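Reading through the structure tokens given below for one structure.
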Amino acid sequence: MTKRLTRRKMLAGIALATPFAASFAGAAPRPGTAPLKAPVGVDTYTLRAFGWDAFQMLDYASRIKLDVVQFSEFPHLGAYKIATTESYQQKVRARADELEIRLEMGTWGVCPTNLGGNRRYGTAEEQLTLAINAAVVLGSKSVRCVMGSGNLRRKDGPLERHIEAMIGAFRNVRNRALDAGVKLALENHKDLRATEMLDLVETAGKDYVGCCLDTGNPMEVLEDPMDTVEILAPVVVTSHFRDSSLWKHPRGAAFQWTAMGDGSVRIGEVVKRFVELCPGIPINLEIITGRPAKVLPYREPGFWKGFEKLTGEELIRFDELAAKGEPLLAGMVVPNNDPKNPAYQEAVKEQMRVDFERSLRFLRDEVGIVSSA
């Protein structure tokens, strides 16, 4: 067997003032649950279907008493030509300060060798520099970014060449990031396992590179999100939290992303461990529902291209986690059959809001998270 890895190395067509949102005023932990202090926020991708600009998002966040809003991509701030101007960003910062909400900045794919990456903002270096400059104006201490997805492990592999290119791009903006006091927060985006992410961050340099830890993406790389938290905790600078249903399948396992509390990967325990290991780091909810279940066919030989370094122990841990789960038993709108149907579109939009707000209640009422702001 391959050498054992240690754990260290191993969710504006809806009115903003809704009764549902108002229910968050005065939310308190469930009786008998010890409070856990942590900033709670939202990744704006969660509510993308509403098409809100930064000010609408901030007003909504204030109504439901969030501490943080992460604009994970420039379009979430507003129309691109406006959102990238310093004068607009200053107005957004002023409104956030007025509402006492912390801002985080982000951008999309920045790996030079990922042909599927987004190049609308220029080269990797130009895109990162643009995001760093915006972060300075907004008061963000991090810039969330992405290397790629599963394609980097398989058809566009090998993975190692993308890791090397990503480290090179980071090093080209190192001085700007350090001067700005902003860390580049690379997300584990269906591409890297936790140990691979840790090695990338440490090789690039922990003084200016960290991780945006996502608890849903580990499903794609056969990883228990608890292991993701424990391995990456030393380099985490921000986060994306969502739940997953994971269960056994004849071809291996299958999973589906869910609202917090609807899944089977003991997300409440994962949240508590995150708060313990990453004090002060925000729990940003990135709730993604409305997508079909996905099969992970690891019982088929063709699956293993790109996972040559996965140990038997790691696979067993994931397989045991799947054996404890079951398919999602809650309702969910999945509009794949007719994606342009306006009725479906409205239903999915409302589902985004409902599932996000349910997830927020889960954090507060079931897990016992109390704002540390």
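None of the figures in this text is laboratory data; all of them are computed from the coordinates on show. Small disclaimer: the values here were computed from a predicted structure and weren't measured. Don't worry about glycine lacking a Cβ; one is built from the backbone with ideal geometry, like all the others, and counts go over all protein chains shown.
Straightening the chain between residue 48 and residue 95 buys 14.9 nm, computed as 0.36 nm per residue apart minus the Cα-Cα spacing. When the pairs 65/141; 65/272; 190/340 are compared against a 29 Å limit on Cα-Cα distance, every pair falls at or below it. Loop-located GluC sites (Glu not before Pro) in the range 291-340 (DSSP state other than H, G, I, E, B) with a sparse environment of at most 15 neighbouring Cβ atoms within 10 Å: 308. If you rank 121, 80, 45 by fewest surrounding Cβ atoms within 10 Å, what's the result? Listed from fewest to most nearby Cβ atoms, that is 80, 45, 121. The ranking of 249, 76, 240 by Cβ neighbour count inside 10 Å, starting from the fewest, reads 249, 76, 240. Ordering 163, 105, 260 by the projection of their Cα atoms onto the charge dipole of the chain, which places +1 on the Cβ of Lys and Arg and -1 on the Cβ of Asp and Glu, puts 163 at the extreme positive end. Excluding residue 93 itself, what net charge comes from residues whose Cβ is under 11 Å from its Cβ, given Lys and Arg +1 and Asp and Glu -1? That sum, taken over residues with Cβ under 11 Å, equals 0.
Bridging of residue 81 to lysines at a Cα separation below 17 Å is possible for 91, once same-chain residues fewer than 8 apart are set aside. Near residue 140, once Lys and Arg are set to +1 and Asp and Glu to -1 for all other residues with Cβ below 12 Å from its Cβ, the sum equals +4. Looking at (1) 23.6; (2) 18.1; (3) 20.8, which value of mean projected area of the Cα convex hull in nm² comes from a calculation on the structure shown? Comparing each candidate, only (2) matches the computed number. With the cut-off at under 14 Å, measuring from each backbone N in the range 264-279 to a point 7 Å along the Cα-to-Cβ line of residue 326 picks out 264-265. Counted by neighbouring Cβ atoms within 10 Å, the residues 167, 369, 287 run from fewest to most as 167, 369, 287.
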